[in-house]
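Visitor: First, the structure itself, so that you have it in front of you.
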4 protein chains.
Amino acid sequence: MARPLSEEKRNAILAAAAEAVASLGVSASTAKIAKDAGIAEGTLFVYFPTKDDLLNELYLALKADMRAAIAAGYPTEASVKERCEHLWNQSIDWGAKNPAKRKAIRQLGVSDKVTEASRKTGMAAFRDIQSMLEEGFRSGILRQQPKDMLSATTEVLTDMVLEFIHRDPGNIENYRRAGFQTYWGAISNN
Amino acid sequence: MARPLSEEKRNAILAAAAEAVASLGVSASTAKIAKDAGIAEGTLFVYFPTKDDLLNELYLALKADMRAAIAAGYPTEASVKERCEHLWNQSIDWGAKNPAKRKAIRQLGVSDKVTEASRKTGMAAFRDIQSMLEEGFRSGILRQQPKDMLSATTEVLTDMVLEFIHRDPGNIENYRRAGFQTYWGAISNN
Amino acid sequence: MARPLSEEKRNAILAAAAEAVASLGVSASTAKIAKDAGIAEGTLFVYFPTKDDLLNELYLALKADMRAAIAAGYPTEASVKERCEHLWNQSIDWGAKNPAKRKAIRQLGVSDKVTEASRKTGMAAFRDIQSMLEEGFRSGILRQQPKDMLSATTEVLTDMVLEFIHRDPGNIENYRRAGFQTYWGAISNN
Amino acid sequence: MARPLSEEKRNAILAAAAEAVASLGVSASTAKIAKDAGIAEGTLFVYFPTKDDLLNELYLALKADMRAAIAAGYPTEASVKERCEHLWNQSIDWGAKNPAKRKAIRQLGVSDKVTEASRKTGMAAFRDIQSMLEEGFRSGILRQQPKDMLSATTEVLTDMVLEFIHRDPGNIENYRRAGFQTYWGAISNN
DNA sequence: TATGAATGAGTTTTCATTCAT
DNA sequence: AATGAATGAAAACTCATTCAT
């Protein structure tokens, strides 16, 4: 009773919402989301009591999805730089493969519908990634920075590069490489 | 002419729109903007034929405002690093002093109401700043990068740092300094 | 189905629209129509996606209503002239009894909101009546005319006479008789 | 002072209004009419105090224009039938040559913006034409009819035929001839 | 006299949410 | 639980008219 019955429907709503928010912004209508999810307008509110709830849950789901993709295959034994490059490449790959999800996150990121609590929760997942690099900080390879700034740097530079890729898809490798140079310079001691 | 269009009113509309977009996103209503600008609802459409026109003109006005602030007092004779630091500090100062304008630019940046043409025009102003650093590229102090990437890097890192300042205003100097280290690492050869 | 669309409400909307269009023209507001139909403003758009759709459907409904009234009680066995007189009288009676519907049809007839397709469909119903008089054409009693001209003649002469009746209701029988003479002269060989 | 200065401007407004009403109906905006007339929005109201005044004056001007065209070259000495044919042909020619004016009259005719007084005045001009046929009534060639019905018949049948011509312009002569047969049958004793 | 900026009521349409089925 | 009709408060935009210039 706490959670409604069909997990499948819930996911269909979130998926439809991601697409809709990506292309129309947070003002995408619940009617369109429901239709694209293959359910009735009213059913959406069985799973998410208000549109704001839906948007916040979508934000968290997308952040979790992104985080999982980035951490996948993390090479624990490699050098710090190689590990950073792994994170960078995974980020770029996820964004390149999931343009709608990326756009949706951007839209949600600037929307005041997403609460501070959701943002905090979303950030926490990435602190976890940051902690994978503890050794880099201790050894002095990575520059000491205010809390959360490393993952924020990762996010904004990734997003920037993906925007270039989006506008000029032919040069993806070029952007990815130049982007990593920028990124590594930004976070390492040199 | 019966009565010339009032530059003052036009500016009042743009100012009200910036505030409204900053706090409510691009879905801020024209009624609210007009009211805040101290004019009748219909008058807004005398100055901007559609809401989209208003949004695009606002985007350009904000970009121009930002650019002017950043370039002000540019120390032509200083070292490349000092010149970069000047640009960085001006950016941070502008953003810190104009939080609404900064938020409005972010909102407009992700909105599809802002046309590609406006984005191009907005970017052009910053290419101009980038060209102030030609010497840095020639001498090898700054890293060669794909076109427009330097100014994009400036923008996203500035924005990121301003976000930290926004959430923790007491530590502004701290963030500004750490931010510049990140920034300088990101753009220079090291 | 949650609740089926109510045929009753749909008809109430069409009826209210007919009255409103009759008295105010096609610029009658949807708000007024909805209110007169006893429903909320938004509900109108559940039944008719746009105002233009409503207007077109209203046109067709009125034409169908008129056609049904005209053909009612058609004396298949009577002489051609008597059959024509029947059609004439039914037309006059319908118009006299339904002044609002008649006015609404006139308004819609000159409006460019009513599509060519709707006009064609509306006309088709009357071609059907025209074909009831085939024998009259074959026998030479009725004059051979370009396609659709007989029903158009019926319509405009009926409408003209109804306009006289409208302005001078006391003489209805007088106008009806004089009108039929005009009509019969117009369509028969003599 | 009673009449504003420029007759030329007044006529330009009426001409622009006729075109605008023809294509957009009586809801054509005064702004568009003014623009098409080559004057400022406010100037229109120097010549016509309200839009309703403009519409009524337009109605009268168009009726007068039509009447003048129809009576032109009237063959006083010809037979009654020839004289009727002259009127018929002039009507068709005027309508065929002035489709916008014809459409404008139709729009105004069904609009409640045109007052009963204007309609009366407009009709009076045609009574004048009707009286040209006095001899036809006296001699019994034309059927006795209620007052104004002959000119009303002329108008509606002309309009009907012009509508056919409008939809099938290739057959203009065909429609004109068939139309006259209908018309002559409608008004003459036979 | 001619102009056109300014106005605010009015227009059609959208939409998150509710609730009868 | 699932549905989708019903709602009415916005939303963007239009327009006849006024009036300062």
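Visitor: What residue of chain B sits with its beta carbon nearest the rotation axis taking B to C, and at what distance in whole Å?
Guide: Result for the B and C rotation: B:A31, 9.
Visitor: Averaged across orientations, what area in nm² does the convex hull of the alpha carbons in the protein assembly as shown project?
Guide: One quarter of the hull surface, i.e. the mean projection, equals 46.8 nm².
Visitor: Follow-up. Given points 7 Å out from each Cα along the Cα-Cβ axis, report the D:V80 to D:S27 separation in nanometres with one decimal.
Guide: 4.7 nm
Visitor: Sticking with this one: Other chains near C:183-190: what is the mean number of their Cβ atoms within 10 Å of each residue's Cβ?
Guide: Rounded to a whole number, the mean comes out at 5.
Visitor: Separate question: Tell me the distances, shortest first, between D:D148 and the same position across the other copies, using label points 7 Å along Cα→Cβ, in nm to one decimal.
Guide: 3.0, 7.0, 8.1
Visitor: Moving to a separate point now. Per the Kirkwood treatment, what hydrodynamic radius in Å, one decimal, follows for the stretch D:144-184 from the mean inverse distance over all distinct Cα pairs?
Guide: After inverting the pairwise mean of 1/r, the radius is 10.7 Å.
Visitor: I want to verify a result. In a Gaussian network model of chain B, Cα cutoff 10 Å, which of these has the top mean-square fluctuation: B:T158, B:T30, B:T50?
Guide: B:T50
Visitor: Sticking with this structure for a sec: In whole Hz, with x marking every Gly and Pro, tabulate ³J(HN,Hα) for the stretch D:85-93 from phi via Karplus 6.51 cos²θ - 1.76 cosθ + 1.60, θ = phi - 60°.
Guide: 5, 4, 4, 4, 5, 4, 4, 4, 4
Visitor: For B:D148 and B:N189, what is the calculated FRET efficiency with R₀ set at 25 Å and r taken between the beta-carbons, to the nearest 0.05?
Guide: Step by step, r from the Cβ atoms, then E = 0.85.
Visitor: A further question on this structure: Hey, can you grab everything whose amide H is under 5 Å from the amide H of C:L142? Only 5+ residues off in sequence or another chain; H modelled, so Pro and N-termini drop out.
Guide: Placed amide hydrogens put C:F137, C:N189 under 5 Å from C:L142.
Visitor: Then there's this: Going down the list C:K63/D:K103; B:K51/B:K81; C:K97/D:K147; A:K63/B:K101, which pairs span over 31 Å between their C-alpha atoms?
Guide: Long pairs (Cα-Cα over 31 Å): B:K51/B:K81.
Visitor: What are the ³J(HN,Hα) values, in whole Hz, obtained from phi via the Karplus relation 6.51 cos²θ - 1.76 cosθ + 1.60 with θ = phi - 60°, for each residue of the stretch A:125-130 in sequence order, with x given for Gly and Pro?
Guide: After applying 6.51 cos²θ - 1.76 cosθ + 1.60, I find 4, 8, 4, 4, 5, 3 Hz.
Visitor: Measuring label to label, 7 Å along Cα→Cβ, what does D:R177 give against each other copy in nm, shortest first?
Guide: 3.7, 8.4, 10.3
Visitor: Here's a follow-up. Averaged across A:67-75, how many Cβ atoms of other chains sit within 10 Å of each residue's Cβ atom?
Guide: The per-residue average across the peptide is 0.
Visitor: Additional query: Can you sort D:M66, D:M160 from fewest to most other Cβ atoms within 10 Å of each residue's own Cβ?
Guide: D:M160, D:M66
Visitor: Please list 3J(HN,Hα) in residue order for the stretch A:107-113, calculated via the Karplus relation 6.51 cos²θ - 1.76 cosθ + 1.60 where θ = phi - 60°; whole Hz, with x for glycine and proline.
Guide: 4, 5, x, 8, 7, 7, 6
Visitor: For a quick check: sort B:R138, A:R67, B:R3, D:R102 by the number of other beta carbons within 10 angstrom, fewest at the front.
Guide: By the 10 Å Cβ count, ascending: B:R3, B:R138, A:R67, D:R102.
Visitor: Nm distances between the label at D:T121 and the same-position labels in the remaining copies, 7 Å along Cα→Cβ, shortest first?
Guide: 4.2, 5.0, 7.4
Visitor: Another question, then. What number results when the radius of gyration of the stretch D:52-187, computed over Cα atoms, is divided by 2.2 N^0.38 Å?
Guide: 1.04
Visitor: Further question: Give the distance, in whole Å, between the Cα centre of the stretch D:132-189 and the Cα centre of the stretch A:22-90.
Guide: First find each Cα centre; the distance between them is then 74 Å.
Rule-based calculations on the coordinates, nothing more; no lab input. Bear in mind the structure is a predicted one, so any value in this text is a computation, not a measurement. All Cβ positions, even for glycine, are placed from backbone atoms using ideal geometry, and neighbour counts span all protein chains on display.
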